[in-house]
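Since every read-out is calculated from the coordinates, none of them should be taken as a lab result. All figures in this text were calculated on a predicted structure; none of them were measured in a lab. Cβ sites come from the backbone with ideal geometry, for glycine too, and all protein chains shown count toward neighbours.
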Amino acid sequence: MKKTITLLTAFLLSLVATFSFTQHTALADDDTPVVTLGTSLTDQQKQGTLKTLTAPLNGGNYQTITVTGSDLVKYLNPSGDNFTTSSGVWSSAMIQKTSQGSGINVKILDYNGKDNITTITANQYKNAALTAGITDANIYVTSAIPIDGSGALAGVYAAYAKNGNALNQKQVNAAQDEMNTLSGITQNNKNKKGYSDAQLNNAVAGAKSQMAKQGQNISDSQIRDIVNNQININHLGDTINNNQKNQIVNLLIEIRDSGALKNGDFKGQASKLSSQIQDGAKNIFNKFNTPENRNLFQQIWDSIVNFFQGLFGGVILR
C-alpha cells in the first residue's frame, strides 16, 4: 500500500509542477503541458507512459519532469507517510492549463488497455487537487503497473515547486488526508446499495462550497451541520455511518485550518467541481434533483442560513 502510495504521490507531484502559480493556478510560463514520469519506470514503460499521457495533445508540445523518492519524502512525509529517498515511483500524470473558471478535470487513462489505478477515483483526485490549491486544469493520470493511485498528487505538488511556486504544505497535507479518507470510505461501502463514490465526492465538494460562503471563521459545529446537510442532499444517510461522518467533519475542519478557504477561487472551483461530478453521473443524480429530493433539502438549508444571516445582520456567529 505504501509502495503504491509512493507511486501515485509522485504522479500528482509532477502534475503540480505543470501549473505555475500566480493568484490563479497556471501552467509553466509558456503554458506548455507538463508530463510527470516516475523515476522507477523502465525505458519501455516511459515510452508507453508518454504515449498514453500525451495522446490528448494530438501532437502538441509538452515538457517532462521526473519524480523521485526525494519528492515523496519532501511533500508526503509531512502528512504522515514514511517514504525514503529510495522509494519507487511509477505513477505518472500530465497537467494542462485551462481557461479561468473551467475547474479541475481529471481523467484516469488506461495503460495498454488496462486501468492500473486500483483505488483512487477521478473524483477523489479532483477534490484533493482543489484542497491543495490547484485551479483550472486538466489532469491525466496513468500507471504502467497496478497501484492504488494515492501518490499521484505528489507529482503535481513537485511540478508547482519546480516552477518556483510551492503550494501551501498545510493544504497539501489536507489534500493527502482527503484522498486517504475518501478512498477508505468508498472501499468500506463498496457494492452497498444506495452508495456511490460520486455521491460522496459531491457531498464533500458541496460542503467545501458552503464552507467558503461562510468564510474562514466558520465554526466546527457549523461544519458538522453542513456535512449532515450534504449527506442528506446526496442520499447517503443510510450508508454513511457515524464514524465515517466524523472522518468527513474532521477532514473539513483540517481543510479550514489549512487556510484553503482564504483563496478567492476556492468557492467557485468547489461549485464547479460539484457540477462536474453530477454531470458525470447523471444516472445517479437525476433521481435526486427533483423538488421532492435535493431541492427540498437545499431549500430547507438556505432558509436556515438566511434566517440566521438576517438575525445577525449577515454574520453567522461562532
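Values as computed for the structure displayed
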item: Rounded, prolate or oblate (a/c below 1.5 giving rounded, otherwise prolate when a/b exceeds b/c) for segment 53-94 by Cα gyration tensor; result: prolate
item: Filter on 46/282; 51/267; 114/282 - keep pairs with C-alpha separation over 28 Å; result: 46/282; 51/267
item: Inter-label distance, nm, simple model (7 Å from Cα along the C-beta direction), residue 43/residue 100; result: 4.6
item: In order through segment 241-256: 3J(HN,Hα) via Karplus (6.51 cos²θ - 1.76 cosθ + 1.60), integer Hz, x for Gly, Pro; result: 7, 4, 5, 5, 4, 5, 4, 5, 4, 5, 4, 5, 5, 4, 5, 4
item: Furthest towards positive pole of dipole, 219, 198, 185, structure part segment 157-297, Cβ charges; result: 198
item: Difference of contour (0.36 nm per residue) and Cα-Cα distance, residue 220 to residue 85; result: 44.8 nm
item: Ranked list, fewest to most other Cβ atoms within 10 Å of each Cβ, for 83, 266, 288; result: 288, 266, 83
item: Charge sum, other residues only, whose C-beta stays under 14 Å from residue 105's C-beta, Lys/Arg counted +1 and Asp/Glu -1; result: +2
item: Reach of residue 192 by Cα under 18 Å, taken over aspartates and glutamates that are not fewer than 8 positions away in the same chain; result: 238
item: Most to least packed among 272-284, 135-147 [average Cβ atoms within 10 Å]; result: 135-147, 272-284
item: For segment 52-169, with +1 on Lys and Arg beta carbons and -1 on Asp and Glu, the positive-most of 106, 116, 166 along the dipole; result: 166
item: Estimated distance in nm for a label pair at residue 145 and residue 77, the labels positioned 7 Å out from Cα along Cα-to-Cβ; result: 2.2
item: Dimensionless Rg over Rh [segment 175-291; C-alpha; Kirkwood]; result: 0.94
item: Partners for residue 97 among aspartates and glutamates (Cα-Cα distance below 13 Å; same-chain residues under 8 apart left out); result: 29, 30, 31, 136
item: Approximate spin-label separation residue 262-residue 275, in nm, with each point projected 7 Å along Cα-to-Cβ; result: 2.8
item: Order by protection proxy (mean Cβ within 10 Å, highest first), peptides 91-97, 37-43, 125-131, 183-189; result: 91-97, 125-131, 37-43, 183-189
item: Lysines whose Cα lies under 16 Å from that of residue 245, excluding same-chain neighbours fewer than 8 positions away; result: 208
item: Three-way shape label, segment 22-116, alpha-carbon gyration tensor, a/c 1.5; result: oblate
item: Sequence ranges 174-182, 230-238, ranked by mean other-Cβ count within 10 angstrom, highest first; result: 174-182, 230-238
